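The values are calculated or read from the model by the stated rules, or taken from the named source; none is laboratory data. Everything numeric here is computed off the predicted structure, so don't read it as measured data. Ideal geometry is used to build each Cβ from the backbone, glycine not excepted, and the neighbour counts take in all protein chains shown. Calculation scope for accessible area: heavy atoms of the full protein, side chains included, ligands and nucleic acids excluded. Shrake-Rupley method; radii C 1.70, N 1.55, O 1.52, S 1.80 Å.
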Amino acid sequence: MNKVLEGLDESLSIFGGFKSFFRKNPDSLVGYVMDLGYEEGVVITNDFYKLRNQGIPKNSFVIIKLIDTNVNVIDRNTNKSIGVPEHYILARVKEPTATPLSSDVSRTYFELHKSHMPEIDIFTKAELQWSALKIAVLGTYYENEEGNLEFAGDIESYFSPHLYEVYRPSNEILDNIINSSIQKNIFNIGKLRYTESKLYKSVDVKVNVSVDDFIGSRTALFGKTRMGKSNTVKIIAESIITNQDNDKTVGQIIFDMNGEYANKNGQDDTSLYEKYNSKCTRYSVNKKAGMETLKANMYEDLKLGHEIIKQMLLEENVKADYINGFTSFELQDDQEQEDIKNRSYGDYKRYRRHESIYKCILKKAKFECGDKYKVYFDINSQILSTVFGENFKLQGKYIPIGDAISYYSKIWDTYVDLKGKGPFIKKNKDKESIEKPYFDETDISLLSILTGKKHSGSNVSGITKIMKYSDYHDYSANNALYKMLDDIYKEKTVILDLSNSNPVISRFFTEKLCNTIFSEQMELFTENNLNGRYVQMYFEEAHNIFPSNDNDMSNIYNRLAKEGAKLNIGLIYSTQSISTLSRDLLKNTENFFIAHLNDQNEIKELTKFYEFKDVGLDVQKTKSKGFVRLVTQSHKYALPVQIKKFEV
């Protein structure tokens, strides 16, 4: 009866399955313990054990168990044997090591070959087949109070080596120890793979992840080019797109440097957008078929357009004294204009004039807006009379932009001829001795650019300095930036195709989006109103984005690295250069995917992480695409995994 109950218990629990397996599968024995400590140990094995278990691959998992949990220690008070709770030590095979008889074995081999002995006797063969393997202790599996399998990343105690035996776990047991901790939002990411070689198909175990591991967390993908990082990014993005967790609202933004997520390619015969077009939207900095163009309508989105032009002038180191007023000029939105109007109507009129001249500059510099576009035009009547005659009349304060360009040019010519005197000097109504120029420094700068003539009368290049930036303007852009943000907050995956684009503009829009998302999430955070809203950001070539100096908190990427998690902003970043990344970002990264790296400096950085201290050489040697060492929040130790291929 007791045996029946024991068998029932084994069939109902994972831990019971462990007991049953080791009892029913003695052929899974791979050896015995020669030495065991808290961190490492040595296992002795032989060729027979290796052959019947299809080898013992490097990095493979083995389970160390007590032969008998009654360890033959007698309690003097009860005169009974002291039992040890059932537990299993998980270890990873590292490398061969010497046995106490290694020198004798080497001497025997030497003598055999020196003497050209044609055959070895049976007794010598039996002795020579024994060898030893060094193992790394990963932790302990045991049954917790609820009867569930639980893992601890250490061992509480160990006993004499002769009390242990070592087993190769079955596929079922491997599945349990790898995946049992994942209970929610399960997603299959690939299969367990011990080695690059495929001499034996020694394991066939799926590796699952919890989608929650990625949401709002930092995930790093390290590896050389063409090692499958982009495929892994697609798989991670796919896991979130297909996630059905109603407790979280998750939008994604992928900064697509090479256009491989937005466009179909020969490798996958699909793309992230093609596969999930109902849940994805795609944008581009350049005009591309089927994509919304992320360009500024610089007549509607005045602030953004002006920022782009200023940034381009700064990046290209364009300098001229008459441009200073143009670059320092701050454009205002409707509410800001209303505030100026309430504060000072004179300041409001002056701002509207500046904005009008600025728009005329855009038009003359080939930033198209349509022939019927009108601008505000309100100039002092004395100036108009001086320039155009007493009979000059305007039909309202909004005129066609082409007329405004002509009028401003004639007014400026007169200003230059009169050297800023005459009607261009305003006298104080109360104190006529106090004079004030009608045009301020911003007027003078803007009109100098518009006309190509400085107030001194000398000719300058003017609008030619900004004409080439018209490529970043689209009158039909329709505020694409804000549509992108709206898509993200509607749980869509937004793909920004940056391929073949000007790197300055790519960097500008990337930073603009990051700053805007950070500000939006920060506002919700301070109002205690995040309510499960998350944003996932994907960055390629992260070594060019996240600076190694992480003390500059004006840098948006440093702020994302340090504060993003509390704002529900998740980062997925890939690079082949670990050593140049922000140390703070690395320290706070929870999930890692490590593909092939061959630079010794990068390996040195990698092995600083406890989980990867033993895998540096393997990362250098193995070059199969998609073969990674994986650690997530749900996996407490590094797993060698072949990431599944993204496909239809």
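Summary of values
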read-out: Among residues of segment 577-591, those that are open to solvent by 10 Å² or more (accessible area, probe 1.4 Å) and under 22 Å from TYR637 (Cα atoms), counted; value: 6
read-out: Any hit, segment 475-483, residues being within 14 Å of SER409 (Cβ to Cβ), in contact (Cβ under 8 Å) with a residue 12 or more places away in the chain and either surrounded by 15 or more Cβ atoms within 10 Å (Cβ to Cβ) or touching a helix residue (DSSP H, G or I) at 6+ places or on another chain (Cβ under 7 Å) (or both); value: no
read-out: Neighbours by Cβ (under 7 Å, 6+ apart or cross-chain): first from segment 270-292, more than 12 Å from GLU260 (Cα to Cα) and outside any loop (DSSP other than H, G, I, E, B); second open to solvent by less than 90 Å² (accessible area, probe 1.4 Å) and aromatic (Phe, Trp, Tyr); value: CYS280/TYR273; GLU292/TYR283
read-out: Among residues of segment 21-71, those that are touching a helix residue (DSSP H, G or I) at 6+ places or on another chain (Cβ under 7 Å), closer than 16 Å to SER160 by Cα and exposed (fewer than 14 other Cβ atoms within 10 Å of the Cβ), counted; value: 1
read-out: Residue list for segment 113-129, restricted to those being surrounded by 11 or more Cβ atoms within 10 Å (Cβ to Cβ) and either more than 60 Å from the chain's Cα centre (by Cα) or not assigned by the TED database to the domain that holds SER102 (or both); value: MET117
read-out: Residue in segment 193-227 that is modelled with the lowest pLDDT, counting only those that are at positive phi and out of contact with any His (no Cβ under 6 Å at 6 or more places or on another chain); value: ARG226
read-out: Residue ID - farthest from ASN277 (Cα to Cα), chosen from residues in segment 287-324 that are among the aliphatic types (A, V, I, L, M) and open to solvent by 80 Å² or more (accessible area, probe 1.4 Å); value: LEU314
read-out: Meets criteria (within 48 Å of the chain's Cα centre (by Cα), at pLDDT 90 or above and aliphatic (A, V, I, L, M)) for ILE186; value: yes
read-out: Index of the failed condition, ASP486 passing every other in (1) open to solvent by 10 Å² or more (accessible area, probe 1.4 Å); (2) under 16 Å from ILE361 (Cα atoms); (3) at pLDDT 90 or above; value: (2)
read-out: Hits in segment 113-159 - residues which are outside any strand (DSSP E or B), touching a residue at least 40 places away in the same chain (Cβ under 8 Å) and closer than 16 Å to SER181 by Cβ; value: GLY147, ASN148, GLY153
read-out: Selection within segment 550-588 - over 14 Å from GLN536 (Cα atoms), touching a residue at least 24 places away in the same chain (Cβ under 8 Å) and assigned to a loop (DSSP other than H, G, I, E, B); value: ASP550, GLN576, SER577, ILE578, SER579, THR580, LEU581, SER582, ASN588
read-out: 1 or more residues under 21 Å from MET467 (Cα atoms) and open to solvent by less than 50 Å² (accessible area, probe 1.4 Å): qualifying helices (runs of 4 or more DSSP H) within segment 336-438; value: 345-364, 401-417
read-out: Among (1) open to solvent by 30 Å² or more (accessible area, probe 1.4 Å); (2) touching a residue at least 24 places away in the same chain (Cβ under 8 Å) - the single one SER197 does not satisfy; value: (2)
read-out: Matching residues, segment 162-179, being under 30 Å from the mean Cα position of the chain (by Cα) and open to solvent by 30 Å² or more (accessible area, probe 1.4 Å); value: ASP175, ASN176
read-out: Qualifying residue in segment 519-535 (condition: under 20 Å from LEU571 (Cβ atoms), within 16 Å of the chain's Cα centre (by Cα) and either charged (D, E, K, R) or at pLDDT below 90 (or both)); value: no
read-out: Test: residue in segment 596-614 that is acidic (Asp, Glu), open to solvent by less than 20 Å² (accessible area, probe 1.4 Å), more than 29 Å from ASP175 (Cα to Cα) and at pLDDT below 90; value: yes
read-out: Filtered residues of segment 235-265 (kept if within 12 Å of the chain's Cα centre (by Cα) and either outside the structural domain of VAL628 (by the TED database) or not in a strand (DSSP E or B) (or both)); value: ILE236, ALA237
read-out: Pair list, Cβ < 7 Å and 6+ apart or interchain, from segment 16-42 residues that are over 20 Å from GLY139 (Cα atoms) to residues that are basic (Lys, Arg) and open to solvent by 70 Å² or more (accessible area, probe 1.4 Å); value: ASP27/ARG52
read-out: Enumeration of residues in segment 295-335 that are touching a strand residue (DSSP E or B) at 6+ places or on another chain (Cβ under 9 Å) and assigned to a loop (DSSP other than H, G, I, E, B); value: LYS295, ASN297, MET298, TYR299
read-out: Criterion: open to solvent by 40 Å² or more (accessible area, probe 1.4 Å) and within 25 Å of HIS543 (Cβ to Cβ) - qualifying residue of ASN263, ASN277, ASN246; value: ASN263
read-out: Restricting segment 84-112 to residues that are within 49 Å of the chain's Cα centre (by Cα) and assigned to a loop (DSSP other than H, G, I, E, B), the residue that is modelled with the lowest pLDDT; value: VAL84
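For (1) touching a strand residue (DSSP E or B) at 6+ places or on another chain (Cβ under 7 Å); (2) under 27 Å from ILE643 (Cα atoms), each residue gets a yes or a no:
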position	(1), (2)
THR99	yes, no
GLU146	no, no
GLU150	yes, yes
PRO169	yes, yes
ARG193	yes, yes
LYS198	no, yes
